[in-house]
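Asker: Okay, here's the structure, questions in a sec.
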Amino acid sequence: MTDLSNHGEAGLEKGAVDLQRYSHAIMGTFGVPMRVLTRGEGSYVWDADGNRYLDLLGGIAVNALGHGHPAWVEAIASQAATLSHTSNFFATEPQIALAERLLDLAHAPSGSRVFFANSGTEANEAAIKMARKTGKGTIIALEGGFHGRSTGALALTHKEAYRAPFAPLIGDVVFVPPNDEEALRAAVTEHAADLSAIVVEPIQGEAGVIPLSHAYLALARTLTRRHDALLILDEVQTGVARTGAWFAHQLHGIQPDVMTLAKGLGGGFPIGALVAFGDGPGAMLGKGEHGTTFGGNALAAAAALATLRVIEDEDLIANVKAVGAHLRERLEAMDGVVEVRGEGLMLGVGLAAPQSAEIAQAAVAAGFIVNPPSPDTLRLIPALTLTTAEADTFLTWLEGHFEAHPLAAESASDGGTP
Ligand SMILES: *Cc1c(COP(=O)(O)O)cnc(C)c1O
């Protein structure tokens, strides 16, 4: 049974009133949020009524260090007190150091360069402009792929419901099914003369945590080399230690021409980045060809530097692997779970029945935040600092939920779960 004991009726009022204010003041693009949150610490957040939740969503793979990590807070506070924003007519030490650090972590060859933006979408916009600079038109992207909601990034995003109301988007984007090597070969052959780039997420996030196979990524690398096109890896969600490597492509021993980052990079502070590998890509966008007011802001750069430093100092890559493996092992042993996809702390839990929305709703009522990206998948993308003991509290709850709701499959199929 769902434990509602810590959710007092009187307390619900403050959150409910705040959500009404939200709905009256904020555009309805996100629907009505689940709760109003007021505070976070480590792996936990609290709502306006004082209820605590184990956060296994991490602000959608953003809060890499959990909430309020002292080193991250200190870095932001001291940078804010020293120098925050300057405009790109001026350089700052944090932005230079962050670019150097990213190039180093990515083992980027000489000539590689970084462009800073403020979000994943914007990093991908810069990548699209690089594809355009090749002088060729066609971009191959993947069915199920998600790259952002601006009209450019949306053109690479597959989901029809996101695209249709805003057509026409930039043309010449060809979608192929992920992990279908023959389809990729055929599309490349058909568009060989005009192929500017192949854009993929190493593990598709919004699609429900769908990993690309090693062979598929290697093929994308081979074909782009052969046709002098860019391999653009959108590591906005997979990057920054999420998968147990600094960047997911490192698990496959390949190097892209372009990698985009955002989500976890700032540990909760908005920042995006594009890494262009080698002197060709590194020099593609020249003076005046791209820009942003906030991109590379010293405050954002300091937050990102602190995030990278803590990941290294606390050996969070080892934690990601250990806690990820533990989650996988216990989840795979559960009735109701048919498979666990993904790497590290980016896991898609494939359910035996399309009941993810119902489980996510029961979970939040019981004090656990999980995300249902598709009807039969729960996505776990928590802080990289999550402990095994914290993970166990959720796993034990989930096990109990499956036991208590053995008929959930049937009720979900006629209960209208989206
Ligand atoms: C979230 C996401 C984006 C968009 O990033 P924003 O910061 O929301 O603009 C792009 N690509 C992938 C793979 C993402 O997960």
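Asker: To the nearest 0.05, how large is the calculated FRET efficiency for E332 and E181 if R₀ is 35 Å and r is the Cβ-Cβ distance?
Answerer: After rounding, the FRET efficiency stands at 0.80.
Asker: Heavy-atom accessible area per residue, the stretch 47-91, 1.4 Å probe: how many Å²?
Answerer: Each residue of the stretch 47-91 exposes 48 Å² on average to a 1.4 Å probe.
Asker: Right, here's the next one. With no solvent and one point on each alpha carbon, what is the Debye value of log10 I(q)/I(0) for the stretch 297-418 at q = 0.13, 0.18, 0.20, 0.21 Å⁻¹?
Answerer: -0.56, -0.91, -1.06, -1.15
Asker: Any idea of T134's accessible area? Nearest 10 Å², probe 1.4 Å.
Answerer: Estimated to the nearest 10 Å², T134 gives 40 Å².
Asker: Percent of accessible area on the stretch 134-293 owned by carbon and sulfur, 1.4 Å probe?
Answerer: Answer for the stretch 134-293 is 53 percent, counting heavy atoms of protein chains only.
Asker: Relative contact order of the stretch 160-253, please, whole-number percent, based on alpha carbon pairs below 8 angstrom and at least 6 residues apart. The partial results should precede the final answer.
Answerer: Details: 88 pairs, mean separation 23.6, N = 94.
Computed over the stretch 160-253, the figure is 25 percent.
Asker: Any chance you could give the angle, 0 to 90 degrees and rounded to 10, that helix 214-226 forms with the longest Cα principal axis of the chain?
Answerer: Roughly 20 degrees, rounded to the nearest 10.
Asker: Same structure, new question: If I fit a long axis through the Cα atoms of helix 70-82 and take the longest principal axis of the Cα atoms of the chain, what angle between them do I get, 0 to 90°, rounded to 10?
Answerer: Relative to the chain, helix 70-82 is tipped by roughly 50 degrees.
Asker: Starting from the eigenvalues of the Cα gyration tensor, five times each then square-rooted, give me the equivalent ellipsoid semi-axes of the stretch 238-316, largest first, whole Å.
Answerer: For the stretch 238-316, the ellipsoid semi-axes come out as 23, 19, 9 Å.
Asker: Could you tell me the relative contact order of the chain? Use alpha-carbon pairs under 8 Å, at least six residues apart, and round to a whole percent.
Answerer: 22
Asker: From the Cα trace of the chain, what convex hull volume per residue do you get, rounded to a whole Å³?
Answerer: Cα convex hull per residue, to the nearest whole number: 153 Å³.
Asker: Okay, moving on. How long is the stretch 278-341 along each principal axis, judged by its Cα atoms, biggest number first, in Å?
Answerer: Projected onto its principal axes, the Cα set of the stretch 278-341 covers 57, 27, 24 Å.
Asker: I'd like the distance separating the alpha-carbon centroids of the stretch 211-249 and the stretch 12-53, in whole Å.
Answerer: Spelled out, the Cα-based centre of one part sits 36 Å from the other.
Asker: For the stretch 62-125, report the translational diffusion coefficient in µm²/s to the nearest whole number, using Stokes-Einstein at 4 °C, 1.567 mPa s, and a Kirkwood Rh over Cα pairs.
Answerer: Translational diffusion coefficient: 92 µm²/s.
Asker: Principal axes first, then extents: for the Cα atoms of the stretch 71-313, list largest minus smallest coordinate on each axis, whole Å, largest first.
Answerer: Largest first, the stretch 71-313 extends 55, 38, 36 Å along its Cα principal axes.
The values are calculated or read from the model by the stated rules, or taken from the named source; none is laboratory data. Not measured: the values here are computed from a predicted model. Because the Cβ atoms are built from the backbone with ideal geometry, glycine has one as well, and the counts that use them run over all protein chains shown. These accessible areas exclude ligands, DNA and RNA; they are computed on the full protein's heavy atoms, side chains included. Shrake-Rupley method; radii C 1.70, N 1.55, O 1.52, S 1.80 Å.
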